[in-house]
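The values are calculated or read from the model by the stated rules, or taken from the named source; none is laboratory data. Predicted model only: the values in this text are computed from it and were never measured. Cβ: placed from backbone, ideal geometry, glycine included. Neighbour counts: every protein chain shown. Only protein heavy atoms, including side chains, enter the accessible area calculation; ligands, DNA and RNA are left aside. Shrake-Rupley method; radii C 1.70, N 1.55, O 1.52, S 1.80 Å.
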Amino acid sequence: MSKSLYIKTFGCQMNERDSEIIEQLLAQDGYSLTSTPEGADLVLLNTCSIREKAEQKVFSLLGSLRDEKKRNPAMLLGVTGCVAQQEGEHIRERMPHVDLIVGTQQIYQLPEMVQRLSQKETSREIATNLDASFEIPPFQKLLENSPPSPAPQGFKRFVTIMQGCNNFCAYCVVPGTRGREISRPVADILEEVAILARQGVREITLLGQNVNSYGQTNAVADQPVGFPELLRQVAATEGIQRLRFTTSHPKDLTDELMRCFAELENLCPHFHLPVQAGSNTVLKRMNRKYTVEQYLEKVDGLRSYCPDIALATDIIVGFPGETDSDFTATMDLLNQVRYHSSFSFKYSDRPHTRSAQFTDKVPEAVKSERLAIFQKRQDEISLERNSELLENTVEVMVEVCSETSIKARTGGNHVVHINEPVAGILPGDLIQVRIIHAGNHSLRAVLA
Ligand code: SAH
Ligand code: SF4
Ligand code: F3S
């Protein structure tokens, strides 16, 4: 019998991929996706805990689902992902109408857990162990018999290559919510990519919290393959026209990885290299394990192998103890590297992190002011960067097309709009366009 499943995903791309896996797993038991929680048999929130706001959103949605559960008492309500891992039982203390709490290593057991609940063998299921010897099961097999529901952009997909993180940056919940770093076996990753390619996927993004250290904690230690070698093997898969990866830790960015950008034709000239701060004092207190000087050397290295590489970063403003001159150093770094884009955040205290204990917190108003200054300057630089592409002819991959317009993306990850009538062009096609207008978040082009 067909049952309906509503999943709401919060947070990063790894969670997006996990939601697809959950959907695929439950499809085997007859669940199919529905677009609203109203009337659904099973409602899952796949959650994120990275910043305070992210966690608040989860609890507020759980609160508002209380009424839905009253209307539809047969509905099962579950929490998966990083908030589930972090809060475990506490979620039920605050939200007793939650039936199911599933940690980040347990999603593969969801079908059995849901079955026990729906057959009333138990009235609640909570599983949040984090095991250092955990191995990621070969879930790629699921793709053959139950591909995830057509993604809005079916020609591009995420492939998770590792889980967890060993870095313990002072502000970050991830080592606590995802556990120790574990790499998926190379053979599983290559099999998943090959299946996707056969299904028509043309662009792959490899995912992990720190992909650069892929293979250092490998389930198959007898066949050591580092990240650059994995990239080469994935890049060689027939049909994969574009390859990306995220996220990288600067300390693990090697010359061999940089060289891939010169050698692999389908590796997109785009690199997300989170720096977090431009002051060595702050970087040290963040436990980032590199200095600004070392970071800049890596940026130079990348640009020497791939002069047009588009660089993106993550920044935290208002880390405890950040002074005006520390913040100025971050602005200096921004002006020096001139990132194409960045994600910038106000620092927030997170449970069980080292910096939550630091006493020299920066006032909220100062954080807001610094964030606004940073973002204003980044917008200006993004516009300058985008303007450098004016009148250039570039290759873009089509993402969405209607009868009158196309939305596409460059290898450097710039969004390009083409307002022209088009025939015979489909999502996933690579086409040549000439850039005619630059904004700070997107470009306009005509067919070349
Ligand atoms: N693994 C990636 C990023 C993971 S989280 C990396 O190592 O870079 C994504 C971003 O959220 C981080 O890069 C950081 O900029 C931000 N972030 C993490 N914890 C935060 C906190 N406590 N407050 C504000 N921003 C935070
Ligand atoms: Fe968090 Fe640092 Fe690990 Fe990234 S590298 S997930 S910021 S602990
Ligand atoms: Fe959020 Fe967990 Fe990803 S905290 S950013 S969903 S790893």
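Worth a mention:
- Using θ = phi - 60° and Karplus 6.51 cos²θ - 1.76 cosθ + 1.60, couplings along the stretch 209-214 (whole Hz; Gly, Pro as x): 5, 8, 4, 4, 9, 3
- Hull shadow area, averaged, the stretch 393-447 [alpha-carbon convex hull, nm²]: 3.2 nm²
- Difference of contour (0.36 nm per residue) and Cα-Cα distance, GLU144 to ASP29: 39.9 nm
- Residues whose amide H comes within less than 5 Å of that of LEU33, counting only those at least five positions distant or on another chain, are LEU5 (H built at 1.01 Å from N in the peptide plane).
- Shown is the FRET efficiency for ALA236 and ILE373, computed with R0 = 45 Å from the Cβ-Cβ distance and rounded to the nearest 0.05: 0.50.
- Summed over all non-identical Cα pairs, the Kirkwood treatment of the stretch 331-448 gives a radius of 16.7 Å.
- Equivalent ellipsoid of the stretch 60-197: semi-axes from √(5λ) of the C-alpha gyration tensor, largest first, are 28, 21, 15 Å.
- Summing Cβ point charges (Lys, Arg +1; Asp, Glu -1) relative to the Cα centre of the chain gives a dipole of roughly 820 debye.
- The alpha-carbon of LYS141 sits under 27 angstrom from the alpha-carbons of these lysines, leaving out residues fewer than 8 places away in its chain: LYS3, LYS8, LYS156.
- Helix content alone sets the calculated 222 nm mean residue ellipticity of the chain: runs of n ≥ 4 DSSP H residues at -39500 (n - 2.57) each, divided across all residues, give -10500 deg cm²/dmol.
- Treating each Cα of the chain as an identical point scatterer and summing with the Debye formula, the log10 of I(q)/I(0) at q = 0.07, 0.08, 0.10 Å⁻¹ comes to -0.37, -0.49, -0.79.
- The share of alpha-carbon pairs in the stretch 3-127 lying farther apart than 21 Å comes to 30%.
- Centre separation in Å (Cα based) which lies between the stretch 230-272 and the stretch 104-142: 33 Å
- Rg(Cα)/(2.2 N^0.38 Å) for the stretch 270-388, N = residue count: 1.07
- Ranked order, ASP314, ASP360, ASP324 - accessible area, probe 1.4 Å, largest first: ASP324, ASP360, ASP314
- By the beta carbon rule, with partners counted only under 4.7 Å, the chain holds these lone Cys residues: CYS12, CYS48, CYS82, CYS165, CYS260, CYS268, CYS306, CYS401.
- Converting phi to 3J(HN,Hα) with the Karplus coefficients 6.51, -1.76 and 1.60 and the offset θ = phi - 60°, the stretch 406-412 yields 10, 10, 9, 9, 7, x, x Hz in sequence order, with x at every glycine or proline.
- Gain on full stretching of the segment that runs from GLU16 to HIS417 - 0.36 nm per residue minus C-alpha separation: 141.8 nm
- Evaluating 6.51 cos²θ - 1.76 cosθ + 1.60 at θ = phi - 60° for every residue in the stretch 95-101, the Karplus couplings come out as 10, x, 7, 7, 9, 9, 10 Hz, glycine and proline recorded as x.
- Distance between the modelled labels on ARG71 and GLN56, one decimal in nanometres: 2.6 nm (7 Å Cα→Cβ projection).
- Approximate spin-label separation THR254-THR291, in nm, with each point projected 7 Å along Cα-to-Cβ: 2.4 nm
- Amide H to amide H, with H built 1.01 Å from N, ALA310 comes under 5 Å of HIS270, PHE271, counting only residues 5 or more places away or on other chains.
- Sequence-distant residues sharing a close amide H with LEU443 (under 5 Å, placed H): VAL415, VAL416, HIS417
- In the stretch 134-268 the Cα-Cα distances spread across 10 Å bins starting at 0 as 12, 43, 35, 10, 0 percent of all pairs.
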